[in-house]
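Each remark here refers to the structure printed beneath this line.
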Amino acid sequence: MQVGLIGAGNMARALARGWGEPVLCSDSGSGRAEALARELGGEACKSNVEVAERADLVVLCHKPAQFEDVSRELHGHVKAVASVLAGKRSAILRSHFGVPVFRFMPNTPVEIRRGVVLYSPERDLDEHLEASVLELFGRLGTLVQVP
């Protein structure tokens, strides 16, 4: 599964390091995406849309305040979305993207695969996709399902 990260801050870095596989990433011009891509052998894309079009799963790792702008930009380009954004409910994610969505709340020890990742399950998801995404996030530590 090709993973794309929108944002390349602390949580994006922790996730990518925990997965230990090349990822596609983008940032708002800070240069962090390029540094992350160099470190893990991934690729810093020129735009969020490029990440979305090339990734099987887009992980929203940007600041929650950027959500409206990012969701408008990505709408129609994503296949599936996983969000680690605080305060964004599944219904909001579904309405903005219209694709399968997953909500996770990880902590930074995921970087060394010792994190705790809270997962809010969704209904009506493709079983294969859900299993793949849960396996991906499960590699980061303990996956805990919450209502």
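Here the condition is being in contact with a Gly (Cβ under 7 Å, 6 or more places away or on another chain) and farther than 17 Å from residue 4 by Cα; of 117, 58, it holds for 117 alone. In the stretch 14-30, the count of residues that are crowded, with 21+ Cβ neighbours inside 10 Å, among the basic types (Lys, Arg) and part of a helix (DSSP H, G or I) is zero. Applying the criterion of being farther than 14 Å from residue 26 by Cα, of a type in the set (Val, Ile, Thr) and more than 10 Å from the chain's Cα centre (by Cα) to the residues of the stretch 55-100, the residue that is surrounded by the most Cβ atoms within 10 Å (Cβ to Cβ) is 78. Residues in the stretch 1-13 that are in contact (Cβ under 8 Å) with a residue 60 or more places away in the chain and either assigned to a helix (DSSP H, G or I) or more than 14 Å from the chain's Cα centre (by Cα) (or both): 10, 11, 13. Of all residues in the stretch 125-141, those that are farther than 13 Å from residue 100 by Cα have Cβ atoms under 6 Å from Cβ atoms of residues that are assigned to a helix (DSSP H, G or I), 6 or more apart or on another chain, in 140/18; 140/110; 141/110. Restricting attention to the stretch 1-59, the residues that are β-branched (Val, Ile, Thr) and within 21 Å of residue 142 (Cα to Cα) total 2. If you go through the stretch 103-124 and keep only what is buried (at least 17 other Cβ atoms within 10 Å of the Cβ), of a type outside the set (A, V, I, L, M) and free of Cβ contacts under 8 Å to residues at least 40 places away in the same chain, you end up with 103, 104, 119.
No lab work stands behind these numbers, since they all come straight from the coordinates. Predicted model only: the values in this text are computed from it and were never measured. No Cβ is skipped: glycine too gets one built from the backbone with ideal geometry, and neighbour counts run over all protein chains shown.
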